[in-house]
Amino acid sequence: MPIKAEYKLALRQKDRDEIYEIFTDLNDLLLQKDQAGFLKTWDFKFSARATTSQFIDGSNNEAVIADIFATVFENACSANSASNNEKLRVEFDRTKLVTETYLKSAYPTRLGQ
């Protein structure tokens, strides 16, 4: 068997062993009627434990980190070109007008007509 296949097989077996161990532990606690132990084990095995990074781009100052995120999102959400941005704005405004006109005619009492 090639080494890569053996490695993948070993990983799958490790996953199966971990799952078996978890279910065995939980089953034993249920059989012992140890509700507190069961819930503690369940939470430890299945709850998502949030880990936070202490440093973002070399800084741990919250204000600096917030500015970094603001800059990244500002760049990600800015227009690629002024002409394309204007074209998309016109298309959006036209679609918005058509939708509003349709809704006002279809549902006149709900939209105050």
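Bear in mind that the values in this text are calculations on the coordinates, not laboratory data. The structure presented is a predicted model; accordingly, all values stated were derived computationally and were not measured. Reconstructed Cβ throughout: ideal geometry from the backbone, glycine too, with neighbour counts over all protein chains shown.
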Find the percent of Cα-Cα distances in the range 1-48 that exceed 13 Å, and round it to a whole number. 63 percent
As straight-line cross-link partners of Lys87, the qualifying lysines (C-alpha separation under 20 Å, not fewer than 8 residues apart within one chain) are Lys96
Compute the Rg to Rh ratio over the range 1-82 from the alpha carbon atoms, using the Kirkwood formula for Rh, and round to two decimal places. 1.29
At 7 Å along Cα-to-Cβ for each site, give me the label-to-label distance between Val72 and Tyr7 in nm. 3.0 nm
Could you work out the local net charge near Ile19, counting Lys and Arg as +1, Asp and Glu as -1, over the other residues with Cβ closer than 13 Å to its Cβ? -1
Quote to one decimal, in nm, the extra length available between Lys45 and Glu100 on full extension: 0.36 nm per residue of separation minus the C-alpha distance between them. 14.7 nm
Options Leu39, Ala10, Tyr20, ranked by Cα towards positive dipole end of the range 1-48, top entry (Cβ charges): Ala10
If the cut-off is 28 Å between C-alpha atoms, which lysines fall inside it for Lys33, apart from same-chain ones fewer than 8 positions away? Lys45
